[in-house]
Amino acid sequence: MALTASGGATEDTFKSALSDPDPDVRRIALAALTRGPLGPSLSREIARALTDPVTRVRAQAVSTFAATTSTTPEEGSAAVTAPVVTAPVEGGPRCAALLEAAQDPQLQVAATALDLLGQPCSDPSLQITTLEGFLSETDTGRPDAGHRSAQALVALSGVDPTTASEYLPGFSEHVNPFARTYAAQAATRLEDVIILGRLAEDEDPNVRTAAVRGLFHLDGHAADATLLDALDQDDPQLVLTAAG
C-alpha cells in the first residue's frame, strides 16, 4: 500500500504481491493495478487471479481485469450511468471473462461481474442470452437466486431494455427484498415510474429508498408527495435519502 501510494511500486513488486500467500496482499495489489498502464506479464497475472481460490481476491480480479482490458468505448455503444468502466476492446476478452465470472458459485464474484455487464459487449447476443438465462433462477431453491437474477435484470436493462421490461413486473413483486431493491434500480434505468411508485410504498425500507431515489431522479420535485411521505418513516437511510 505504501509503495503504491508513493508511486514506488515496480512490476516486480506487483508480481511478488500477486503471488503472496496472504489473500489480502493479492487483493490490494490487484486494486492498485487499475491505476496505470500494464505490461504483458502483469496482464497475464491479473487473468490468472480470476481463478484465485479466495472469493474476495477473485471479485477484485474481475473488476481489475475489466478495467485494465478496456481502452475506449466501442463506436455506437450506449452510455450508462454506472458503473464507470469503458466498453470492451475489439475481440471482447473483457466481456468473455465477465460472462464466465457471472457464473461463479460465490455471489460476491458473480455480483461484481453482473454489475459490469450493464453495458454493451462486443457480442451483444451472447451477453443478452446469458443475462436472460439468469432471470429464470428466481424460482430455484438456491438461497442467492433471487438476488443474483435481479442483479442480472439491472444489467439487462442497460443493454436490452425491451426484454428487461418484460421481466420487471415479476421482480417488483419478488419475495426477496434484495430482488425488489434491484427491481427499483432496473425500473429507474427503464424509466418506469409506475413500478417505482408502487415500490416506494414497499414494506422494506431498502426497497423504498431505492424507489424514492429513482423517482426523484426521473421526476424531480414532481415526486414531492412521495418524498414527504418518506420523511414520516422511521428508517434513517430512507429519511436521509428523502431529506436530501
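Quick look at the values:
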{"read-out": "Phi to ³J(HN,Hα) by Karplus 6.51 cos²θ - 1.76 cosθ + 1.60 over the range 150-165, Hz, x for Gly, Pro", "value": "5, 5, 5, 4, 4, 4, 4, 5, x, 10, 8, x, 5, 5, 4, 4"}
{"read-out": "Gain on full stretching of the segment that runs from Met1 to Asp224 - 0.36 nm per residue minus C-alpha separation", "value": "75.7 nm"}
{"read-out": "Where the chain is the region considered: accessible area per residue in Å², 1.4 Å probe", "value": "50"}
{"read-out": "Cα gyration tensor, the range 165-243 - rounded (a/c under 1.5), prolate or oblate", "value": "oblate"}
{"read-out": "Per-residue HN-Hα couplings for the range 127-135 [Karplus 6.51, -1.76, 1.60; θ = phi - 60°; Hz; x = Gly/Pro]", "value": "4, 5, 4, 5, 5, 5, x, 5, 5"}
{"read-out": "Angle in degrees between helix 40-49 and the longest Cα principal axis of the chain, rounded to the nearest 10", "value": "50"}
{"read-out": "Cα long-axis angle, helix 177-190 against the chain (0 to 90 degrees, to the nearest 10)", "value": "90"}
{"read-out": "Rounded FRET efficiency, nearest 0.05, which uses the C-beta distance separating Ile194 from Thr163 and R0 of 22 Å", "value": "0.75"}
{"read-out": "Choice from Ala102, Ala59, Ala17 with maximal GNM fluctuation in the chain (Cα, 10 Å cutoff)", "value": "Ala17"}
{"read-out": "Cα-based shape type of the range 1-41, given that a ≥ b ≥ c are square roots of the gyration tensor eigenvalues and the cut on a/c is 1.5", "value": "oblate"}
{"read-out": "Exposed-site-free run, longest, the chain (rule: GluC sites (Glu not before Pro); DSSP loop; at most 14 other C-beta within 10 Å)", "value": "91-172"}
{"read-out": "Note, ³J(HN,Hα) from phi for the range 19-34, Karplus 6.51, -1.76, 1.60, rounded to Hz, x at Gly and Pro", "value": "10, 5, x, 7, x, 6, 5, 4, 5, 5, 5, 4, 5, 5, 6, 7"}
{"read-out": "Percent accessible area from carbon and sulfur atoms, the chain, protein chains only, probe 1.4 Å", "value": "54"}
{"read-out": "Answer label for Cα extents along the principal axes in Å (calculated), chosen among (i) 58, 39, 39; (ii) 134, 41, 33; (iii) 60, 44, 38", "value": "(i)"}
{"read-out": "The range 97-189 shape via C-alpha gyration tensor axes, a/c threshold 1.5", "value": "oblate"}
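The values are calculated or read from the model by the stated rules, or taken from the named source; none is laboratory data. The structure presented is a predicted model; accordingly, all values stated were derived computationally and were not measured. Cβ coordinates were reconstructed from backbone atoms using ideal geometry, including for glycine residues, and neighbour counts include every protein chain displayed. Keep in mind that these areas ignore ligands, DNA and RNA; they rest on the heavy atoms of the full protein, side chains included. Shrake-Rupley method; radii C 1.70, N 1.55, O 1.52, S 1.80 Å.
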